[in-house]
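K.L.:
Submitted below is the structure of interest, expressed as structure tokens.
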Amino acid sequence: MTDGAGPLAATPPRRVLLKLSGEALLGDAEYGIDPGVVRDIAREVRDADSEGIQAAVVVGGGNIFRGLAASAQGMDRATGDYMGMLATVMNGLALQDALEQLGQPTRVMSAIAMNEICEPYIRRRAVRHLEKGRVVVMVAGTGNPYFTTDTAATLRAVEVHAQVILKATRVDGVYDADPELHPEAQRYSRIGYTELLSNRLQALDATAVSLAMDNEMPIVVFDMTVPGNIARAVRGERIGTLIAGEESR
């Protein structure tokens, strides 16, 4: 499986949506937010934005609370998911603070109303913020239980007419098997939506992939732990795995 030039290589995307898992903010800690990691992420987003690329960010909350795990221990799933949504708000505020300390105008927009600390998510307002050069951090998922932040990221990307979703993870792309369990696993440089779904590869949840496929929204899965990779992905450099169309290699 070899890397090759793709549709994102020629022209860097003008508007992107960066999906950060809550675990991305952990650093070496087991729980909570590592301010140093948040500053590093903010610096890369700021640098890309300074080049004229409009960046929206959807952040998860798994570093603080995960509704699905709580449900497995007996908590009502909807209650657990709402608690997870509140965790994403804390992460979003931390990212906003780091960005604004770097001089980058930022707005946090929530799918659940909490006007004292962030704006309500309104699609047209989010687009206007992006057009004015503000980074928009979108929190509280879709505002509904039973939907992951992967699905929220895909929905928001479609709504604000992003050119690509950039899913920042701790692995360098999509593999044909779990690389931690199978060292011989092969990484795809590109894979189609249908193949991803049919092979049940756990890069994103099925709802997010189906929504991306219906709207022809490309997704890049890449390793955010490599310094500079977030900025490279935002600029449109070819890294990780591209999920788009039906071609795979």
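The values are calculated or read from the model by the stated rules, or taken from the named source; none is laboratory data. Here the structure is a predicted model, which means the values were calculated and not measured. Every residue, glycine among them, receives a Cβ derived from its backbone with ideal geometry; neighbour counts consider all protein chains shown. Surface areas here come from the heavy atoms of the whole protein model, side chains and all, with no ligands, DNA or RNA. Shrake-Rupley method; radii C 1.70, N 1.55, O 1.52, S 1.80 Å.
K.L.:
Can you tell which of M90, M1 is outside any strand (DSSP E or B), modelled with pLDDT of 90 or more, over 22 Å from V127 (Cα atoms) and touching a strand residue (DSSP E or B) at 6+ places or on another chain (Cβ under 9 Å)?
P.N.:
M90
K.L.:
Could you please find all residues in segment 174-224 being part of a helix (DSSP H, G or I) and either hydrophobic (A, V, I, L, M, F, W, C) or within 14 Å of G240 (Cβ to Cβ) (or both)?
P.N.:
L196, L197, A206, A208, V209, L211, A212, M213
K.L.:
For segment 156-164, indicate whether the set of residues that are assigned to a strand (DSSP E or B), within 13 Å of the chain's Cα centre (by Cα) and either among the aliphatic types (A, V, I, L, M) or surrounded by fewer than 19 Cβ atoms within 10 Å (Cβ to Cβ) (or both) is non-empty.
P.N.:
yes
K.L.:
I've got another one for you. On the basis of being open to solvent by 20 Å² or more (accessible area, probe 1.4 Å), acidic (D, E), touching a residue at least 24 places away in the same chain (Cβ under 8 Å) and out of contact with any Lys or Arg (no Cβ under 7 Å at 6 or more places or on another chain), does E180 make the cut?
P.N.:
Criteria not met by E180.
K.L.:
Please go through segment 32-49 and pick out each residue that is touching a residue at least 40 places away in the same chain (Cβ under 8 Å) and open to solvent by 10 Å² or more (accessible area, probe 1.4 Å).
P.N.:
I33, P35, R39, D40, R43, E44, R46, D47, D49 - these are the residues of segment 32-49 that are touching a residue at least 40 places away in the same chain (Cβ under 8 Å) and open to solvent by 10 Å² or more (accessible area, probe 1.4 Å).
K.L.:
Mind listing whichever residues of segment 184-210 are closer than 22 Å to E159 by Cβ, open to solvent by 50 Å² or more (accessible area, probe 1.4 Å) and not polar (S, T, N, Q)?
P.N.:
A206
K.L.:
What pairs come out if I take residues in segment 100-120 that are in a helix (DSSP H, G or I) and pair them with residues that are open to solvent by 40 Å² or more (accessible area, probe 1.4 Å) whose C-beta lies under 8 Å away, six or more apart or interchain?
P.N.:
As it stands, the answer is Q101/R39, since those pairs meet every condition given.
K.L.:
Residue by residue through segment 134-155, note down the ones that are assigned to a helix (DSSP H, G or I), open to solvent by 30 Å² or more (accessible area, probe 1.4 Å) and hydrophobic (A, V, I, L, M, F, W, C).
P.N.:
Matches in segment 134-155: L155 only.
K.L.:
For segment 225-237, what are the residues that are free of Cβ contacts under 8 Å to residues at least 60 places away in the same chain, under 22 Å from E51 (Cβ atoms) and part of a loop (DSSP other than H, G, I, E, B)?
P.N.:
V226
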